[in-house]
Amino acid sequence: MKHGPAAIEVNEVGPRDGLQIEPVFVPTDEKVRFVDALSACGFARIEVTSFTSPRAIPALADAQEVMARITRVPGVVYTALIPNVRGLERALEVGIDELNLVMSASETHNRANLRMTREQSLAQLLAVIERGAQAGKPSNVSLSTAFGCPFEGEVDAAQVLRLVQAVARAGAAGVTLCDTTGMAYPTQVARLCERVRQAHPELGLTLHTHNTRGMALANAAAAWQTGVTRYDAAVGGLGGCPYAPGASGNVNTEELVHMFESMGVATGVSLDRVLQVVSALPAVVGRTPVSPLLAAGPRERRHAAPAWLAEHFAPG
Ligand code: COA
Ligand code: ZN
């Protein structure tokens, strides 16, 4: 297997990508506790919430209160999804370290999710990047449906590269290639990541995967082999876009951390602490997320040998 970077950064997106699709409204106190518990895990970034219109995403209507009340740990970058200048102004009022802007690589998903054409979105996005820069806040742009669209199918890599170029020119610090509905596969991920990195080595490149079709970890490993060092993930595999049919959870943070640490790649994240957060999730979201790793334990877990072995193999 080709070797990748010795260390990666993990961005926890559970409080945003995760809670935006949960059917129950998680009370504000509970959200704040959730983010505070995540702050102790060692993530590079935490996407705390989204400053979208409360009508579009009612589950995160309390974005300002959550952002204002979390306890910020030095070294952690607290980010949030910003759909427009209005959202940016709301975020600036309560403090934000980095902006996560969003638009889709495919026209139909962009219209369904953001109620705008891609050209309208791009124009808004450029305005948000500029206003963010005035306020001293770096912007990262997340490109949804970069590896396939649930409405249109295949998405042309040239479209993705065109948008990457536009946001790079506008001064974005990073881009995230998002596999919104788990359509990506490893060789495709490796190819697109390589092309984006070659065209724009100055941009921080993040991979955002969903495990809808069981390929999320394989896709992350493929990106790592091409040198990608930043990954979005959600504890317990929470997550999904309410405006993408069939969307389901992000790659499980605990599985991503466990995979990379097993490979000797430093993540900076404490797997023990993440597993504690995962085991507390039922109290947050009112259901038990699927987490095979929580059930099995890390690969270092050892079980006592069956008692009868000692007798059966006893000398004499
Ligand atoms: N924060 C709070 N309210 C906002 C807002 C924001 N960022 N942006 C718009 N609004 C309000 C407007 O003030 C207006 O309110 P009113 O009807 O009481 O006057 C209403 O929302 C509609 O505004 P409009 O500009 O027509 O927006 P829209 O309804 O076309 O929505 C978006 C556009 C982008 C704001 C909305 O579609 C959105 O937030 N989408 C996010 C989707 C998302 O997060 N998906 C999952 C993540 S990928
Ligand atoms: Zn997502």
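The values are calculated or read from the model by the stated rules, or taken from the named source; none is laboratory data. This is a predicted model, so every value here is computed, not measured. Because the Cβ atoms are built from the backbone with ideal geometry, glycine has one as well, and the counts that use them run over all protein chains shown. To get the accessible areas, we keep the full protein, side chains included, count just its heavy atoms, and leave off ligands, DNA and RNA. Shrake-Rupley method; radii C 1.70, N 1.55, O 1.52, S 1.80 Å.
Yes or no: ALA7 within 17 Å of HIS258 (Cα to Cα), touching a Gly at 6+ places or on another chain (Cβ under 9 Å) and of a type in the set (A, V, I, L, M)? For ALA7, the condition - within 17 Å of HIS258 (Cα to Cα), touching a Gly at 6+ places or on another chain (Cβ under 9 Å) and of a type in the set (A, V, I, L, M) - is met. Please verify whether the range 97-104 includes one or more residues that are more than 10 Å from ligand 1 (Cβ to nearest atom), open to solvent by 10 Å² or more (accessible area, probe 1.4 Å) and touching a strand residue (DSSP E or B) at 6+ places or on another chain (Cβ under 9 Å). Yes: one or more hits.
Residues in the range 281-313 that are touching a helix residue (DSSP H, G or I) at 6+ places or on another chain (Cβ under 7 Å) and open to solvent by less than 70 Å² (accessible area, probe 1.4 Å): LEU281, VAL284, PRO289, SER291, LEU293, LEU294, PRO298. When each of ARG195, ARG213, ARG287, ARG301 is tested for being more than 20 Å from ASN11 (Cα to Cα) and in a helix (DSSP H, G or I), the lone residue that passes is ARG195. Does ALA218 qualify as being more than 16 Å from ligand 1 (Cβ to nearest atom) and open to solvent by less than 10 Å² (accessible area, probe 1.4 Å)? No, not satisfied. For first residues located in the range 201-217 and without any contact (Cβ under 8 Å) to a residue 60 or more places away in the chain, partners that are open to solvent by 50 Å² or more (accessible area, probe 1.4 Å) and small (Gly, Ala, Ser) and lie 6+ apart or on another chain with Cβ distances below 8 Å form the pairs LEU203/ALA173; THR212/GLY246. Among residues of the range 39-61 being open to solvent by 20 Å² or more (accessible area, probe 1.4 Å) and among the hydrophobic types (A, V, I, L, M, F, W, C), the one that is nearest to PRO15 (Cα to Cα) is ALA61. In the range 246-259, the residues that are over 16 Å from CYS41 (Cα atoms) reach residues that are among the acidic types (Asp, Glu) and within 16 Å of ligand 1 (Cβ to nearest atom) with C-beta atoms within less than 8 angstrom, at least six apart or across chains, in these pairs: ASN250/ASP17; ASN250/ASP232; VAL251/ASP232.
Scanning the range 141-191 for residues that are open to solvent by less than 50 Å² (accessible area, probe 1.4 Å), more than 13 Å from ligand 2 (Cβ to nearest atom) and of a type in the set (S, T, N, Q) yields one hit, GLN188. Within the range 109-148, being of a type in the set (Val, Ile, Thr), part of a helix (DSSP H, G or I) and within 12 Å of ligand 1 (Cβ to nearest atom) holds for one residue alone: VAL128.
Restricting attention to the range 265-297, the residues being more than 25 Å from ARG33 (Cα to Cα) and in contact (Cβ under 8 Å) with a residue 40 or more places away in the chain number 2.
Inside the range 242-265, residues that are part of a strand (DSSP E or B) and surrounded by fewer than 15 Cβ atoms within 10 Å (Cβ to Cβ) make up a count of 0. Any residue in the range 67-93 that's touching a residue at least 40 places away in the same chain (Cβ under 8 Å): show its pairings with residues that are of a type in the set (D, E, K, R) at Cβ separation under 6 Å, as long as the two are six or more apart or on different chains. Hits for this filter: THR79/ARG45; THR79/GLU47; THR79/GLU98; LEU81/ARG16; VAL85/ARG131; LEU88/ARG131.
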